[in-house]
Amino acid sequence: MHHFWASVVLPLALYLGVVAGAIVLILLALALIEKFSRRD
């Protein structure tokens, strides 16, 4: 069972971490775009 959890939970955790990081970067980019667009 330990090998099963290690082969399933770890990849899922890494995948979720990458997805969360991508979402954060996208939100930050959108926030910067809004700031620059408001200057105009």
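Read-outs: derived from the displayed coordinates by stated rules, not from any lab. Source: prediction; values computed, not measured. Here the Cβ positions follow ideal geometry from the backbone for every residue, glycine too, while neighbour counts run over all protein chains shown.
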message: Can you tell me the orientation of helix 2-39 relative to the chain, as the angle in degrees between its alpha-carbon axis and the longest Cα principal axis, to the nearest 10?
response: 0 degrees
- line: Which of (i) 3.7; (ii) 3.1; (iii) 2.2 gives mean projected area of the Cα convex hull in nm² as computed here? It is (iii)
- line: Taking a crude spin-label model, label points 7 Å out from Cα along the C-beta direction, the L32 to V8 distance in nm is 4.0 nm
